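Data first, discussion second: the structure below is written as structure tokens.
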Amino acid sequence: MLVGIGPGHEAHMTQRAREAIAEADTVIGYVTYIKLVADLVEGKEVIRKSMTEELDRAVSALEAARAGKRVALISSGDAGVYGMAGPTYEVLFQAGWQPEGDVQVEVVPGASALNSCAALVGAPLTHDFCAISLSDLLTPWPVIARRLEAAALADFVVALYNPKSGRRTRQIVEAQRLFLRHRRADTPVAVVKSAYRRRERIEFTTLQHMAECEIGMLSTVLIGNSNTFVRHGLMVTPRGYASKYDMADGGQAREGERAGRSLSTGLDGWLQQLQELHAEGHDVAALAARYRLPEDYIAATLAEPVAAEPAEPEEVSET
Ligand code: SAH
């Protein structure tokens, strides 16, 4: 059982995670995580591993399972998010394991650091977001840098995992540099350390000052998108209601917009607009620059006729 135990406090561990640990004969995990679930592992065989022994942990788990033991392999947060689930499956496949064989595998989901940290600072992930790990222990820096650059350009809210350690101090500075190419210096940033643990600490800052914050191995850095704001100590990314509905006027849809329908600048409306501009003489290159999209994409969409609006009303629950 690959068990995600959530951020650290037992109140934020799922019932299935608790059950899985209770059912286990053998519990394997990084020392810190074993400490977080100390009261649940009493009387069990406990194998404590250090941070760098990930593959060892997976191998030990397989050996114990093959010996007939029920094994719980513990990850903080979610076992599938920069956790043990991947390495474990890799070790299993390498050992010739098959899903229908003797050793059964269950991945038990948990609240990942981005969920926990977001909850503590407000609602920063309410629009498109992504997670990027700054750890270059297993990933080349150009790969990480390219993803940072792409996420910054595409205006994702970003959760930075493994932002900094004793030895890795420059990565966060490089991340900041790449973000500043596309985002305003005053973009809100929250640094959350040890969410739902004893030494929990939350710091609000901006992109400009992010690298000066106290950041470590136990921190997650949340960088807002171009619409994210901080008010009354809460970091919020709007979903877009305010631009579609007049919030002051009882939530009436703004002119040109309809509840339950795509925005006037949604796909259909935008395609229409594109055709009109093109007909007025704006060429593909100009349209590509205007919408910051690739020329071949603009050309391809222009080549296809715009479908007539469907007569059936769409579901109204969708916003
Ligand atoms: N599987 C874990 C992530 C492991 S990678 C998960 O889903 O959360 C380790 C990184 O996760 C840390 O460097 C930090 O960036 C983040 N992290 C894990 N627990 C955290 C917590 N309680 N508070 C803040 N960040 C945390």
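Observations
- Residues located in the range 105-125, provided they are among the small types (Gly, Ala, Ser) and more than 14 Å from the chain's Cα centre (by Cα): Gly122
- Every pair of residues 6+ apart whose Cβ atoms lie under 7 Å, when the first sits in the range 261-285 and is free of Cβ contacts under 8 Å to residues at least 24 places away in the same chain while the second is in a loop (DSSP other than H, G, I, E, B): Leu263/Glu257; Ser264/Gly256; Ser264/Glu257; Gly269/Ser262; Gly269/Leu263
- Per the conditions (1) within 16 Å of the ligand (Cβ to nearest atom); (2) part of a loop (DSSP other than H, G, I, E, B), the sole criterion not satisfied by Ala58 is (2).
- Hits in the range 104-136 - residues which are part of a loop (DSSP other than H, G, I, E, B), open to solvent by 20 Å² or more (accessible area, probe 1.4 Å), of a type outside the set (D, E, K, R) and away from the ligand (no atom under 11 Å from the Cβ): Gln104, Val105, Leu125, Thr126, His127
- The conditions of being over 29 Å from Tyr291 (Cβ atoms), in a loop (DSSP other than H, G, I, E, B) and within 22 Å of the chain's Cα centre (by Cα) are met by Gly216.
- Residue in the range 56-65 that is within 14 Å of Ser112 (Cβ to Cβ) and either open to solvent by less than 50 Å² (accessible area, probe 1.4 Å) or not aliphatic (A, V, I, L, M) (or both) present: no
- Failed item, numbered, when Arg167 is tested on (1) open to solvent by 30 Å² or more (accessible area, probe 1.4 Å); (2) within 20 Å of the chain's Cα centre (by Cα): (2)
- For the range 210-234, residues that are open to solvent by 80 Å² or more (accessible area, probe 1.4 Å) and away from the ligand (no atom under 16 Å from the Cβ) total 5.
- Screening Glu54 against (1) more than 20 Å from Ser135 (Cα to Cα); (2) not assigned by TED's automatic domain parsing to the domain that holds Thr220 leaves a single unmet condition, (1).
The values are calculated or read from the model by the stated rules, or taken from the named source; none is laboratory data. Remember, predicted model here, so these are calculated numbers, not experimental data. Heads up, the Cβs are rebuilt from the backbone with ideal geometry, glycines too, and the neighbour counts pull from every protein chain shown. To get the accessible areas, we keep the full protein, side chains included, count just its heavy atoms, and leave off ligands, DNA and RNA. Shrake-Rupley method; radii C 1.70, N 1.55, O 1.52, S 1.80 Å.
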